[in-house]
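Engineer: Let me begin by handing over the structure; questions about it come next.
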Amino acid sequence: MRSHYCGDLRETHIGEEITLCGWVHRRRDHGGVIFLDVRDREGIAQVVFDPDRAESFQRADRVRSEYVVKIKGRVRNRPAGTENGEMKTGKVEVLGLELDILNQSETPPFQLDDYQHIGEDVRLKYRFVDLRRPEMAAKLRFRSKVSHTIRNYLEEHGFLDIETPILTRATPEGARDYLVPSRTHEGCFFALPQSPQLFKQLLMVAGFDRYYQIAKCFRDEDLRADRQPEFTQIDIETSFLNEEDIMGITEGMVRKLFSELLNIEFGEFPQMPYSEAMRRFGSDKPDLRIPLELVDVADLVAGVDFKVFSGPATDPKGRVAALRVPGGSELSRKQIDDYTKFVSVYGAKGLAYIKVNDINDAESGLQSPIVKFLGTDVAMSVLERVGAQNGDLVFFGADKARIVSESLGALRLKLGEDLNLYTAEWAPMWVVDFPMFEEDDEGALSAVHHPFTSPQGSVDELKADPANALSRAYDMVLNGVELGGGSIRIHSQEMQAAIFDLLNISEEEQREKFGFLLDALKLGAPPHGGLAFGLDRLVMLMTGAKSIREVIAFPKTQSAACPMTEAPGEVSAKQLRELNIRLRTKGTEA
């Protein structure tokens with residue numbers, strides 16, 4: 001029906017007769033001449049109807065916002081002085097010759113003008129209308145380009161696009177599974193995959209040494225702004241490549257994306273061990289655009305009578321760290337109180353500070369409620385270590401190491417945003433040398449990534465000191481956001497069994513849940529590894545969106561619901577009987 005998309009019209013089309021199809025974005029009547037802004041997925045074109053063509057003019061007079069129309073017309077220059085430099089089509093307009101109203105529209109639930117602010121609940125309820133907004137259409141078009149570029153890059157590097165099952169079995173991967181009852185196997189359930197992890201490893205055993213998939217994954221977990229119950233993963237697995245090889249290929253993919261789609265050329269991707277990232281930035285995904293760093297000062301305060309500091313300083317699991325904020329002495333007491341409340345979310349019991357008014361006057365040049373407890377000598381030693389200067393503010397965290405790192409790490413990010421401390425627009429990096437395990441208070445171990453991640457070293461070395469074992473894992477981080485993570489996998493049955501033993505997974509449970517993988521490891525499994533990127537998160541960063549919901553066509557709310565379809569919903573008693581399921585109502589005992 002159409003000859004051109006609205007957003008594709010340019011000066012090269014002047015004089016051509018064209019046909020457009022789309023929605024009426026806006027209608028304006030100027031002195032007897034009617035202007036229709038017609039919109040489709042590629043953009044907006046201005047169409048002019050004058051009274052000389054009575055029939056089409058009368059139809060143009062009847063149309064309203066969101067009517068679906070077909071227009072035949074001639075492309076011409078806009079009159080001098082009326083060009084719109086903010087529109088791709090802003091130098092041309094279409095003289096309307098014929099107008100067909102293909103469908104009418106009721107008044108939409110909200111206007112689609114760019115400047116309209118609409119509540120997210122209404123937007124998600126009428127998502128099919130929300131997606132008509134030019135900025136939303138642009139995000140989905142960009143997402144399509146990202147997927148296309150990724151596929152081209154990976155296939156140029158010898159990767160095969162192979163689908164893996166959606167209906168599989170439950171496996172422990174750190175979050176709850178979505179379960180699907182089986183009608184034909186009474187009392188049994190499928191699980192929707194949290195990732196294609198086991199299947200892509202089996203593909204390596206099968207000899208498909210370079211696999212990729214843009215895969216749907218599912219996790220039944222509590223949601224945050226950057227999480228969805230179903231999300232899209234760029235899944236990659238390779239054989240006969242080491243960490244540096246895999247990181248090089250995937251780094252090249254990200255460089256290509258930013259170069260081709262945003263005209264941004266990345267510099268070096270520095271590599272940083274996990275331990276250094278946590279020590280300097282309090283995070284395993286540090287935002288290197290912010291120059292603030294955490295500095296350990298436990299040794300300087302271990303001997304003071306101030307138990308708030310000396311307690312954690314002498315506790316093997318404690319930490320005392322300082323965070324210098326250049327020029328931060330201008331922060332008001334209310335702002336400091338707000339930051340104190342902010343860190344409490346991360347378990348911090350308070351937020352001590354020193355304002356440096358005059359570094360050369362230890363007696364009266366320091367403004368702080370804690371200097372009298374530390375003593376001026378200790379306070380000055382701390383300020384010297386962090387490099388404090390006049391006008392600075394130094395915040396302190398003293399508690400268990402995890403609480404200090406998380407609270408000051410989060411405070412560092414918030415200060416960077418609030419005070420606009422960014423030194424660059426983009427800061428990519430790799431975090432490497434992650435721990436294999438983390439210990440709970442009872443000393444039980446759990447996998448930091450997943451139980452198929454290979455450790456550094458031999459089985460004997462792993463068993464000798466599992467708590468301090470490092471993994472062959474790596475994460476790509478951009479602007480403080482984890483873009484993707486991966487690892488070299490275990491390809492030895494002996495190593496896999498050792499990991500399961502350390503995680504206290506019994507032989508019976510190993511066979512029940514992972515028997516097929518253990519069998520595969522006996523039959524010539526090659527050295528292999530991979531990496532998975534979050535496509536939603538990647539597109540969110542590249543488009544500058546505030547949430548991944550902005551770059552997903554039909555996202556769920558933070559309660560994992562869909563206001564548009566009203567999912568999840570109830571099912572009929574007949575369906576439940578077929579599935580041999582009986583619902584337990586509130587108040588009914590198990």
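Engineer: What number of residues within segment 151-208 are in contact with a His (Cβ under 8 Å, 6 or more places away or on another chain) and either loosely packed, with under 15 Cβ neighbours inside 10 Å or on the phi > 0 side of the Ramachandran plot (or both)?
Structural biologist: Summing the residues that are in contact with a His (Cβ under 8 Å, 6 or more places away or on another chain) and either loosely packed, with under 15 Cβ neighbours inside 10 Å or on the phi > 0 side of the Ramachandran plot (or both) in segment 151-208 gives 1.
Engineer: Which ones in segment 304-325 are exposed (fewer than 13 other Cβ atoms within 10 Å of the Cβ) and outside any loop (DSSP other than H, G, I, E, B)?
Structural biologist: Residue satisfying the conditions is LYS307 alone.
Engineer: Give me a count of the residues in segment 326-360 that are in contact with a Phe, Trp or Tyr (Cβ under 7 Å, 6 or more places away or on another chain) and either not in a loop (DSSP other than H, G, I, E, B) or not assigned by TED's automatic domain parsing to the domain that holds LEU419 (or both).
Structural biologist: Keep residues of segment 326-360 that are in contact with a Phe, Trp or Tyr (Cβ under 7 Å, 6 or more places away or on another chain), which gives 336, 351-353.
If we keep only those that are either not in a loop (DSSP other than H, G, I, E, B) or not assigned by TED's automatic domain parsing to the domain that holds LEU419 (or both) too, we end up with 336, 352-353.
Number satisfying all stated conditions: 3.
Engineer: Within segment 376-386, is there a residue that is more than 32 Å from the chain's Cα centre (by Cα), within 24 Å of ARG279 (Cα to Cα), surrounded by fewer than 21 Cβ atoms within 10 Å (Cβ to Cβ) and of a type in the set (D, E, K, R)?
Structural biologist: Looking for residues that are more than 32 Å from the chain's Cα centre (by Cα), within 24 Å of ARG279 (Cα to Cα), surrounded by fewer than 21 Cβ atoms within 10 Å (Cβ to Cβ) and of a type in the set (D, E, K, R), one finds at least one in segment 376-386, hence yes.
Engineer: For segment 268-284, which residues satisfy the criterion of being part of a loop (DSSP other than H, G, I, E, B), closer than 21 Å to ASP399 by Cβ, touching a Leu at 6+ places or on another chain (Cβ under 9 Å) and not hydroxyl-bearing (Ser, Thr, Tyr)?
Structural biologist: Scanning segment 268-284 gives a single hit, GLY282.
Engineer: Right, here's the next one. Exactly one condition in (1) hydrophobic (A, V, I, L, M, F, W, C); (2) in contact with a Leu (Cβ under 7 Å, 6 or more places away or on another chain); (3) surrounded by fewer than 19 Cβ atoms within 10 Å (Cβ to Cβ) is not met by MET436; state its number.
Structural biologist: (3)
Engineer: Could you list, in sequence order, all residues of segment 234-261 that are surrounded by 14 or more Cβ atoms within 10 Å (Cβ to Cβ), farther than 17 Å from GLY485 by Cβ and either under 20 Å from the mean Cα position of the chain (by Cα) or of a type in the set (Val, Ile, Thr) (or both)? Let's see the steps before the verdict.
Structural biologist: Let us first name the residues in segment 234-261 that are surrounded by 14 or more Cβ atoms within 10 Å (Cβ to Cβ), namely 234-239, 241, 243, 246-247, 249-251, 253-258, 260-261.
Checking the rest, the ones that are also farther than 17 Å from GLY485 by Cβ come to 239, 255-258, 260-261.
Across segment 234-261, the qualifying residues are ARG255, LYS256, LEU257, PHE258, LEU261.
Engineer: What is the one condition in (1) assigned to a helix (DSSP H, G or I); (2) crowded, with 21+ Cβ neighbours inside 10 Å; (3) out of contact with any Gly (no Cβ under 8 Å at 6 or more places or on another chain) that VAL431 does not satisfy?
Structural biologist: Answer for VAL431: the failing condition is (1).
Engineer: Does GLU438 satisfy the criteria of being in a strand (DSSP E or B), modelled with pLDDT under 95 and under 30 Å from THR168 (Cβ atoms)?
Structural biologist: For GLU438, the condition - in a strand (DSSP E or B), modelled with pLDDT under 95 and under 30 Å from THR168 (Cβ atoms) - is met.
Engineer: Given the criteria in contact with a Lys or Arg (Cβ under 9 Å, 6 or more places away or on another chain) and closer than 30 Å to ALA424 by Cα, does SER283 qualify?
Structural biologist: Yes, satisfied.
Engineer: Another one. Looking at ILE264 and the list (1) surrounded by 15 or more Cβ atoms within 10 Å (Cβ to Cβ); (2) more than 19 Å from ALA532 (Cα to Cα), which single condition is not satisfied?
Structural biologist: (1)
Engineer: Checking the condition of a type in the set (S, T, N, Q) and out of contact with any strand residue (DSSP E or B) (no Cβ under 7 Å at 6 or more places or on another chain), which residue from THR149, THR168 passes?
Structural biologist: Result of the check over THR149, THR168: THR149.
Engineer: Sticking with this structure for a sec: Tally time: how many residues in segment 437-463 are of a type in the set (Asp, Glu) and under 28 Å from the mean Cα position of the chain (by Cα)?
Structural biologist: As a first pass, look at segment 437-463 and keep what is of a type in the set (Asp, Glu): 438-442, 460-461.
Filter again for under 28 Å from the mean Cα position of the chain (by Cα), leaving 438-440.
Going through segment 437-463 one residue at a time, the tally reaches 3.
Engineer: Return the residues of segment 472-514 that are without any contact (Cβ under 8 Å) to a residue 40 or more places away in the chain and hydroxyl-bearing (Ser, Thr, Tyr); say none if nothing qualifies.
Structural biologist: Matches in segment 472-514: SER492, SER506.
Engineer: Please specify each residue of segment 68-91 satisfying the condition of being of a type outside the set (Gly, Ala, Ser) and buried (at least 20 other Cβ atoms within 10 Å of the Cβ). I'd like the intermediate steps shown before the answer.
Structural biologist: Initially, segment 68-91 is screened for residues of a type outside the set (Gly, Ala, Ser), giving 68-72, 74-79, 82-84, 86-89, 91.
Listed by number, the residues that qualify are VAL69, ILE71, VAL75, THR89.
Engineer: Any residue in segment 20-44 that's basic (Lys, Arg): show its pairings with residues that are surrounded by 15 or more Cβ atoms within 10 Å (Cβ to Cβ) and in a strand (DSSP E or B) at Cβ separation under 6 Å, as long as the two are six or more apart or on different chains.
Structural biologist: ARG26/ASP37; ARG27/LEU36; ARG28/PHE35; ARG39/GLY22; ARG39/TRP23; ARG39/HIS25
Engineer: What is the residue count in segment 23-54 for residues that are out of contact with any strand residue (DSSP E or B) (no Cβ under 7 Å at 6 or more places or on another chain), assigned to a strand (DSSP E or B) and more than 27 Å from SER144 (Cα to Cα)?
Structural biologist: Summing the residues that are out of contact with any strand residue (DSSP E or B) (no Cβ under 7 Å at 6 or more places or on another chain), assigned to a strand (DSSP E or B) and more than 27 Å from SER144 (Cα to Cα) in segment 23-54 gives 2.
Engineer: Considering each residue of segment 55-103, count those that are assigned to a loop (DSSP other than H, G, I, E, B), over 39 Å from the mean Cα position of the chain (by Cα) and not aliphatic (A, V, I, L, M), and give that number.
Structural biologist: Residues in segment 55-103 being assigned to a loop (DSSP other than H, G, I, E, B), over 39 Å from the mean Cα position of the chain (by Cα) and not aliphatic (A, V, I, L, M): 4 in total.
Engineer: Looking at segment 78-93 only, could you name the residues that are within 13 Å of GLY7 (Cα to Cα) and either in contact with a helix residue (DSSP H, G or I) (Cβ under 7 Å, 6 or more places away or on another chain) or small (Gly, Ala, Ser) (or both)?
Structural biologist: Within segment 78-93, LYS88, THR89, GLY90, LYS91, VAL92 qualify.
Engineer: Please verify whether PRO466 is in contact (Cβ under 8 Å) with a residue 24 or more places away in the chain, crowded, with 17+ Cβ neighbours inside 10 Å and more than 28 Å from the chain's Cα centre (by Cα), treating the condition exactly as stated.
Structural biologist: Spelling it out, PRO466 is indeed in contact (Cβ under 8 Å) with a residue 24 or more places away in the chain, crowded, with 17+ Cβ neighbours inside 10 Å and more than 28 Å from the chain's Cα centre (by Cα).
Engineer: Ok, one more. Among the listed residues GLU186, GLU265, identify the single one that is in contact (Cβ under 8 Å) with a residue 60 or more places away in the chain, part of a loop (DSSP other than H, G, I, E, B) and farther than 30 Å from PRO527 by Cα.
Structural biologist: Details: GLU265 fails: in contact (Cβ under 8 Å) with a residue 60 or more places away in the chain.
From the options GLU186, GLU265, the qualifying one is GLU186.
Engineer: Regarding segment 478-493, can at least one residue be identified that is surrounded by fewer than 17 Cβ atoms within 10 Å (Cβ to Cβ), modelled with pLDDT under 90 and in a helix (DSSP H, G or I)?
Structural biologist: Yes, segment 478-493 contains a residue that is surrounded by fewer than 17 Cβ atoms within 10 Å (Cβ to Cβ), modelled with pLDDT under 90 and in a helix (DSSP H, G or I).
Engineer: Can I ask one more? Could you identify the single residue in VAL378, VAL356, VAL371, VAL394 that is more than 19 Å from ARG333 (Cβ to Cβ) and either modelled with pLDDT under 95 or not basic (Lys, Arg) (or both)?
Structural biologist: VAL378
Engineer: Okay, next question. In this structure, is ALA45 buried (at least 18 other Cβ atoms within 10 Å of the Cβ), within 21 Å of GLU17 (Cβ to Cβ) and within 37 Å of the chain's Cα centre (by Cα)?
Structural biologist: For ALA45, the condition - buried (at least 18 other Cβ atoms within 10 Å of the Cβ), within 21 Å of GLU17 (Cβ to Cβ) and within 37 Å of the chain's Cα centre (by Cα) - is met.
Engineer: Still on this structure, please answer the following. I'm trying to understand the selection: among the residues of segment 222-233, which are part of a loop (DSSP other than H, G, I, E, B), surrounded by 14 or more Cβ atoms within 10 Å (Cβ to Cβ) and either at pLDDT below 90 or out of contact with any helix residue (DSSP H, G or I) (no Cβ under 7 Å at 6 or more places or on another chain) (or both)? Walk me through it before giving the result.
Structural biologist: Taking segment 222-233 and keeping what is part of a loop (DSSP other than H, G, I, E, B), we get 222-229.
From what is left, the residues that are surrounded by 14 or more Cβ atoms within 10 Å (Cβ to Cβ) are 223, 226-229.
Hits for segment 222-233 are LEU223, ASP226, ARG227, PRO229.
Engineer: Hey, another quick one. Only one of these is more than 30 Å from LYS513 (Cβ to Cβ) and either assigned by TED's automatic domain parsing to the domain that holds TYR346 or surrounded by fewer than 14 Cβ atoms within 10 Å (Cβ to Cβ) (or both): ASP392, ASP441. Name it.
Structural biologist: ASP392
The values are calculated or read from the model by the stated rules, or taken from the named source; none is laboratory data. Given the structure is predicted, the values throughout are model-derived calculations rather than measurements. Glycine also receives a Cβ, built like all others from the backbone with ideal geometry; neighbour counts cover every protein chain displayed.
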